[in-house]
Every structure is written in C-alpha cells, then in structure tokens.
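Visitor: The structure follows.
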Amino acid sequence: MSAQIIPVQPFDLVVFGGTGDLALRKLLPALYHRDADGQLPEDARVIAVSRQALDDDSYRAKVAAALATYISASETVENTTNRFLARLHHVTLDVKGDAGWQELKKTFAGRDDRVRVFYLATAPDLFGAVAKRVGEENLITPLTRLVLEKPIGKDLASARAINDLVGSVFPERQIFRIDHYLGKETVQNLMALRFANSLFEPMWNHSLIDHVQITVAETVGVESRAAYYNTSGALRDMVQNHLLQLVCLVAMEPPSAMDADAVRDEKLKVLKSLKVMKPADVLRNGVRGQYKAGAVNGVAVPGFAEEVGSPTATETFVALKAEVENWRWAGVPFYLRTGKRMPHRVSEIVIQFRAIPHSAFGPDAGTIEPNRLVLRLQPDEGVQLQLMSKDPGPGGMRLKPTPLNLSFADAFKVRWPEAYERLLLDVVRGNATLFMRRDEVEAAWSWAEPLLAAWEQSAEPVRFYNAGSWGPAESAILLARDGRAWADPTT
Ligand code: NAP
C-alpha cells in the first residue's frame, strides 16, 4: 500500500497508442497499482486506441500478459487483476483515417460529466492530427485534458508547431506535457527539502555553494530504439527536458504557493536565466560522446555505431557546464552529464558547498573536504549529507568525511510508487504543477538549440568512450580545468 489514498473523480482515459511500449510497460502497470490501492473509482475506464484489429477481450489478454511481465507476481492479486482488466476497452482507429472515430465517440455516450483524458502515447507527429480530430468530433468537454508525451518536437520550430496545433484546439490549462522525471518521488522531495525546511534555504546560493553537479547515468544502450535514437541523441532525449527540469528545481526561487502557475513561473525564470552559449562556448563547455563496444557489469555489449549499422555522429553522452545568470547563482557552475552504457544506473544531484575559509587543525588532521549534499533520485532514493568528523580513537585529531544518510525506503515503509502513478492521477485531478507549460518547453529548446547547431556545424568529432566507463576523458577535463572533479556516485 502507498501511504495515503485520496480517491479521484470518475474518469475515461483514452490512450492513443494503447498497444505501444509506453502504454504496456508504464501506463497500464501504473494504473494497475492505483487500482490495487483502491484509488480508482468504480467505473473508471481505459479506452485504448490503435490500428490493430483487437476487440476488448483480445486487448485485455494483451494487457494481462504485459502486467505479468512488468509487475512482480507478489504485487498482483487475482481479484484486482480481473477488476482492472474489466475497465479496459479497445477501439481500432488509424488517427490519419476516418474509420473508427464514430465508434470512439459512442463510448462516451452519457459520460460527459466525467473527467475525459486523451493521452497521446504516440509519435509526436500525430499530436496535431489527434487534437484536431477530437475537436472536430466534438469530444472535448470542460473536463477534458490532453496529455502529450515527450518529445515535444526536435527543436524550437517543431515544438512551436506542435504547441500551435494542439493550442488551436485546447486551451493551455487543458494541456498536460509530461516529463516523467517530475513525477519521481525524490524529485518532488527536492522541493520539500528546500521549501519545507528552514535549514538549507539560507545557504542555497553563491555565497555558500561552490557548484552543482547533476548526473543521470544509464547502463542500458539504445537496444531496439537505435534508429529513433540516431535521429535524437542525448541532448534532445535527456538534457533539454529531464536535466533542465532538475536544474530548474535546484535553482528556482521559492514559489509563493505550490500551485501550477506559481511553480512554473519560477521554473521559467531559471530557464530564461540560463546563459545562452555561443558556438565557441559550446565547444569549450560541452562534451559529446558516443559509446564504443565494451562491457557493462561484466557483460560484453556492442558499440552504438554497430547497433545503428553504420558510423554516426549522434551523441549517447553529454557533459556540460551551464550557468544560471542571476543574483542567487552568479559564478556557480552547474555541471550536467548524462550517458548510456555507464558503469551504474544512477541519477544524482550533488550540491557542493564551499571549502571552510581557514583550518584550525594541523597537517596531521588530513584534508578537510567541503560539505556535500547528495540527492539520490535513483536507485536507493535518499539524501546524503557529507560532513567532516573526527576519526574515532585516541591520539591526535584526525578528520575524515562521513556521510549522514537518509534512505527514504528505510524512513517510509511504503511501496515506492512509479512516476506515472502520480502523474496520471494528477491529470485526472487537473493539477498541472508537475507538467510543463508551453513557455517552459520553448525556453528549454531556445537554450538547447545553439548547442545542437554548434555541434552540427563543428569539425570537432564526437568523442568515443568505452561502454562501461563514465564517458570520454574530455568530461573529466571539463571539471579539472576549473579545479573540480565529478563526485563518485553514491551507489
Ligand atoms: P510504440 O511502441 O511504437 O507505440 C506506438 C503506438 O502508437 C502503438 O500503440 C501504435 O499502435 C500507435 N500508433 C502508431 N501510429 C498510429 C496511427 N496512425 N493511428 C493510431 N495509432 C497509432 O512507441 P512507444 O515506445 O510506446 O512510444 C510512444 C511515444 O511515447 C513516442 O513518442 C515516444 O518517444 C514516447 N515515449 C516513450 C517512452 C517509452 O518508455 N516507451 C518513454 C517516454 C516517451 P499500432 O501500431 O498498433 O497502430
């Protein structure tokens, strides 16, 4: 059981792309867990849409197989599974065609008083077509919400085009752009840590913080997504959205309230304060890498180019030095790195405090390391504060860094919910706090675009790294140049 169950209004959730990987691996298991916890109203329904000729029963069989794959047997209960499967329906419909829309429309008969969610778990080039058609079919009620999966475009122009298209049908308050990182418990805990405690906020600025590091490392490669990934790369796939959202939560000013616009206004100010890099800055402050064949956790894996089938300049690793140009953060670098085929799967934010101004301890005491606050987003979610302490024992005063650990799993004996569980129900509630507003997405692209352009135009090659390493040597050099080093992830 999760800690506290607050029921939501009755809803119909229409998943365009209901047979896809995202729906079967993430969305439906997330809804199953909410159902198991008793949070779904009795007649809440999920209507999957795809081009496959499936009736309700064959779609339910497909989902039953997916639940068996993605939820452990110890977490499933037969009664819940039967109740959950009975909520599912399938409508065969090609978004680009005319057939099927009337059948979809019929499923809403007499249900206009319920929350209606259109979740677009399809490629973004279908977003505009779906939005336009649900508008033309008069399927939009005051309680309708439209959910857009990432990526919202591949650059500023394509993001604007998508936003214009969906915005011509839905008002902004009915549009929910998902960045599932924002639904992670620990990411929200960052806001709790900062704004529900008086301890850290007075020191959360350039006078006491030396720099910030954000690492999002994956052990996986691109697997079956090589063709898609080769058109995207790590900057578009991870930095422009997830990592920038984390920068926003670390750097934002305290919002006046935890409501959607107050929080998003503050995040937008951070995005707009990010120093836009000129081509020469990009080459100096950015590193792009690509994995070669190697071994991750002792298992041999091919290189990215082999997975794509030909040499390619697409980056599977990015390290950057970003700067937030405002009063609070002037002179405090934000070092960001993300990569595939890294040695560990880990997402961490490291707040590195400044060194003490003077040491009263002699040389025998050892090096006094600056304090460090580490927010572990995954795995083993928690917070670690690194303090200097006395090495126990008689004799001289020897000092050593000692971690003060708070593991959320130990502190809260509850099942740790997946981000989509929270986000899906926030959509039903109409709470957009953890979703990106149009201006945020476009500000993030405005910052990312010069990097993409500089790399595309540069003669400097992508740097190779062995799968199973922490990226190319240039990543370490980026920090070493400033007299700093990447923190060892606290795995
Ligand atoms: P996928 O496995 O290829 O699924 C695509 C879904 O869209 C299928 O259900 C497909 O159904 C449906 N579809 C495609 N064309 C259609 C059409 N013309 N009319 C109606 N339905 C159509 O892709 P995915 O991995 O689930 O990803 C979906 C979107 O979410 C992508 O934009 C992806 O970038 C994004 N995303 C995915 C993940 C993830 O973990 N998978 C995470 C974050 C974001 P039929 O082919 O059966 O018609």
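Visitor: By DSSP, what percent of the beta bridges with both residues in the chain are antiparallel, rounded to the nearest 5?
Guide: 55 percent
Visitor: In deg cm²/dmol, rounded to 500, what helix-only [θ] at 222 nm does the chain give when every DSSP H run of at least 4 residues adds -39500 (n - 2.57) and the total is split over its residues?
Guide: It lands at -9000 deg cm²/dmol.
Visitor: Also, I was wondering about something else. For the chain, with only Lys/Arg (+1) and Asp/Glu (-1) charged at the beta-carbon, what is the dipole magnitude about the Cα centre, in debye rounded to 20?
Guide: For the chain, the charge dipole is close to 480 debye.
Visitor: Once you list every other residue whose beta carbon is under 11 Å from the beta carbon of Asp265, what net charge do they have if Lys and Arg are +1 and Asp and Glu are -1?
Guide: -1
Visitor: Quick check: at a probe of 1.4 Å, how many percent of the accessible area of region 360-491 sits on carbon and sulfur atoms?
Guide: 55 percent
Visitor: Here's another thing I want to ask about it. Heavy atoms only, probe 1.4 Å: what % of the accessible area of region 159-203 goes to carbon and sulfur, would you let me know?
Guide: In region 159-203, the share of accessible area belonging to carbon and sulfur is 57 percent.
Visitor: What is the percent carbon and sulfur in the accessible area of region 11-149, measuring with a 1.4 Å probe over the protein chains and ignoring ligands?
Guide: Carbon and sulfur: 50 percent of the exposed surface of region 11-149.
Visitor: Can you give the Kirkwood hydrodynamic radius of region 1-149 from its Cα pairs, in Å with one decimal?
Guide: One over the average 1/r among Cα pairs gives 15.8 Å for region 1-149.
Visitor: If R₀ is 45 angstrom, what is the calculated FRET efficiency for the pair Ala123 and Ala485, using the beta carbon separation as r and rounding to 0.05?
Guide: That gives a FRET efficiency of 0.65.
Visitor: Within the chain, which whole H helices from DSSP have a Cα span along their axis of at least 27 Å and a mean Kyte-Doolittle hydropathy of -1.0 or more, if any?
Guide: Membrane-span-like by this rule: 438-457.
Visitor: Right, something else. Per residue, how many Å² of accessible area does region 11-149 show with a 1.4 Å probe?
Guide: That works out to 42 Å² per residue.
Visitor: Please compute, for the alpha-carbon atoms of the chain, the extent along each of the three principal axes and give them in descending order in Å.
Guide: For the chain, the Cα spread along each principal axis is 79, 52, 47 Å.
Visitor: Separation of region 122-176 and region 413-491 by C-alpha centroid, Å?
Guide: 24 Å
The values are calculated or read from the model by the stated rules, or taken from the named source; none is laboratory data. Source: prediction; values computed, not measured. Quick reminder, even Gly has a Cβ in these numbers, built from the backbone with ideal geometry, and neighbours come from all protein chains shown. Calculation scope for accessible area: heavy atoms of the full protein, side chains included, ligands and nucleic acids excluded. Shrake-Rupley method; radii C 1.70, N 1.55, O 1.52, S 1.80 Å.
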